[in-house]
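Engineer: Handing you a structure now.
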Amino acid sequence: MRAFLAAVLFAAGLVFATAVQAEAPFDVPVESRPIANFKLGSGETRFGALEFVGGFEMRSSERLFGQLSALRFLEPGGAFIGVADHGYWFSGAITRDGDGAPLGVTDFRMQAMIDPAGRRLRDKRMADAEGLEVSEGIATVSFEREARVSEYRLAPDGIAGPVRDVDFVIPRHELRNNQGLETVVRAPRAGPLKGARIVVAERSIDGNGDLFAAIIEGPGKGIFKVRRTDGFDVTDGVFLPDGDLVLLERRLSLAAGVAMRLRRFAGETVKAGALIDGEVLAQADLAHRIDNMEGLDAWTRADGATILSILSDDNQSFLQRTLYLEFRLLP
């Protein structure tokens, strides 16, 4: 699979010469434990507008494993790349059973992120990578605490420092510490935003309590807002093939524990100056197999079904788990 990933990157023209030597990626042993049922003690498969396909829990003896914040597939449901919020890249591929249900990962690797001078991002304030978008050999990463959006060139033998930082449009003083740029997504190129990238804050809110977001490039560049409801914060997002936006949301409550929610927003409503609100696709709490769900991607299965893949961040805590879950978006 590693050879395949290298071939994919080279074939797509993703390898560029870099002035600063990248950190060497290293292999990470990962043990996977399949998840057969999403709801505890139940064989139910339908949850709102989603159908549970399968999932698994990941564990590793490697002390750096964990804190996985975002992932993007390089091939539908197969090879992927991601960022962890302690300043690491990770990559690998999903393994599947004969019916296509996810079983675990193979060829899992990690690599330290570096700054333009080639130094590791050791300070948490600088290393807090939360969002990821990948297109045409460029990985766009949003960082939360020291707010920035940075571009990196992908390469199979290691990713060097950032190529450049991108204007994220939202005034820096509006971004709350550790509640800032959580999500970066790219709109469909055939849609009204012409492939523009978009950022959404986790819990940086305006005077009405709504979330700051922005289209950060193109003719539609500008700030918009996302309606915040029921105490949920945004942790990731993705555009669907039909152009609608799906946001993954999380709620943390001492009384009720952890909850996860997915909301769908009509693509044509995403524009500068707008306040957007969406329908709830599904919501889950601790009666379901969830944790601190932070990563989301969408891909099209061979049969044409749209699959949502969701990943959790365990914060490298023994009380939490690293989970990977898949759902089919129902027609």
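Engineer: List the strands (runs of 3 or more DSSP E) inside the range 157-224, counting only whole elements, that have at least 3 residues being within 18 Å of the chain's Cα centre (by Cα) and over 15 Å from residue 139 (Cα atoms).
Structural biologist: 197-205, 211-215
Engineer: Within the range 158-190, how many residues turn out to be in contact (Cβ under 8 Å) with a residue 60 or more places away in the chain and over 19 Å from residue 121 (Cα atoms)?
Structural biologist: 4
Engineer: Restricting the range 196-207 to residues that are in contact (Cβ under 8 Å) with a residue 60 or more places away in the chain and not aliphatic (A, V, I, L, M), which is farthest from residue 133 (Cα to Cα)?
Structural biologist: Ranking the candidates gives 202 first.
Engineer: Turning to a different aspect of this structure: List every residue pair whose Cβ atoms lie under 9 Å apart, where the two residues are 6 or more positions apart in sequence or sit on different chains, the first residue falls within the range 31-48 and is within 17 Å of residue 96 (Cβ to Cβ) and in contact (Cβ under 8 Å) with a residue 12 or more places away in the chain, and the second residue, located anywhere, is of a type in the set (Lys, Arg) and loosely packed, with under 11 Cβ neighbours inside 10 Å.
Structural biologist: Filtered contacts from the range 31-48: no entries.
Engineer: May I pose another question? Please specify each residue of the range 217-263 satisfying the condition of being basic (Lys, Arg), touching a residue at least 40 places away in the same chain (Cβ under 8 Å) and over 18 Å from residue 132 (Cβ atoms).
Structural biologist: 221, 225, 227
Engineer: How many residues, within the range 289-331, are loosely packed, with under 15 Cβ neighbours inside 10 Å and among the basic types (Lys, Arg)?
Structural biologist: Total meeting the criteria: 1.
Engineer: Cβ-Cβ below 9 Å, separation at least six or inter-chain, first residue in the range 277-303 and more than 21 Å from residue 212 (Cα to Cα), second at pLDDT below 95 and β-branched (Val, Ile, Thr): which pairs?
Structural biologist: Every condition considered, the pairs that remain are 285/258; 286/258; 290/258; 291/258; 292/258.
Engineer: Related question: Looking only at the range 181-199, which residues are touching a Phe, Trp or Tyr at 6+ places or on another chain (Cβ under 8 Å) and under 22 Å from residue 232 (Cβ atoms)?
Structural biologist: 181, 185, 199
Engineer: Residue check, residue 112 against (1) surrounded by 23 or more Cβ atoms within 10 Å (Cβ to Cβ); (2) more than 30 Å from residue 251 (Cβ to Cβ); (3) of a type in the set (A, V, I, L, M, F, W, C), all met but one. Which one?
Structural biologist: Answer for residue 112: the failing condition is (1).
Engineer: Right, another one. Which is over 16 Å from residue 25 (Cα atoms) and out of contact with any Ser or Thr (no Cβ under 6 Å at 6 or more places or on another chain), of 79, 101?
Structural biologist: Just one listed residue meets the conditions, 101.
The values are calculated or read from the model by the stated rules, or taken from the named source; none is laboratory data. All of these numbers come straight from a predicted model, not from anything done at the bench. Using ideal geometry, Cβ is built from the backbone for each residue, glycine included, and neighbour counts are taken over all protein chains shown.
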